[in-house]
Amino acid sequence: MKNAKKKLGVWMDHTIAHIIELNNNAITLNTIESLFLQDEKQNFGKDESLKHNIEQDQHSEFYKRLSTVIMDYSEVILFGPTNAKTELNNLLKKNSHFNNIKIDIETTDNLTENQMHAFVKEHFEKNG
């Protein structure tokens, strides 16, 4: 059984996620980029359906990669300016592997790296 609660902050939008691990007040930052960011300028011509399907697949893969990271933590705060955090949370709720992980969601603006660190530390100090 886990002794200490592992805490994670994820600032995200639909194109990028900043993974902020809080461990004994030490912070580790990693970044996961969506394939959407890399393919954003790709020309799909007039085929909006194709474009939509590709975007959906890219978002799904992005969320899958984030889910794999989140699985290793006991407490998570998803935050950022878009509804990507809510979309990810809805997917996680459907998967029983995440039932024992406390996941909070908050809307924030675009933040600097230092602001993200402070936000995550403050959130977990406030919420135990």
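Is at least one residue of the range 65-74 without any contact (Cβ under 8 Å) to a residue 24 or more places away in the chain, under 26 Å from Asn25 (Cβ atoms), over 10 Å from the mean Cα position of the chain (by Cα) and surrounded by fewer than 12 Cβ atoms within 10 Å (Cβ to Cβ)? Scanning the range 65-74, I find at least one residue that is without any contact (Cβ under 8 Å) to a residue 24 or more places away in the chain, under 26 Å from Asn25 (Cβ atoms), over 10 Å from the mean Cα position of the chain (by Cα) and surrounded by fewer than 12 Cβ atoms within 10 Å (Cβ to Cβ), so the answer is yes. Taking the criterion of being in a helix (DSSP H, G or I) and touching a Lys or Arg at 6+ places or on another chain (Cβ under 7 Å), the only residue of the range 86-128 that qualifies is Phe124. Reported count of residues in the range 107-128, each being surrounded by fewer than 13 Cβ atoms within 10 Å (Cβ to Cβ), touching a Gly at 6+ places or on another chain (Cβ under 9 Å) and under 15 Å from Ile19 (Cα atoms), is 1.
So if I check each of Lys6, Lys46, Lys2, which one is charged (D, E, K, R), under 26 Å from Val120 (Cα atoms) and at pLDDT below 70? Criteria check complete, one pass: Lys2. Looking across the range 75-85, the residues that are modelled with pLDDT of 95 or more and either crowded, with 16+ Cβ neighbours inside 10 Å or in a helix (DSSP H, G or I) (or both) come down to Glu75, Val76, Ile77, Leu78, Phe79, Gly80, Lys85.
The values are calculated or read from the model by the stated rules, or taken from the named source; none is laboratory data. Every value quoted in this text rests on a predicted model; they were computed, and no experiment measured them. All Cβ positions, glycine included, derive from the backbone under ideal geometry; neighbour counts span all protein chains shown.
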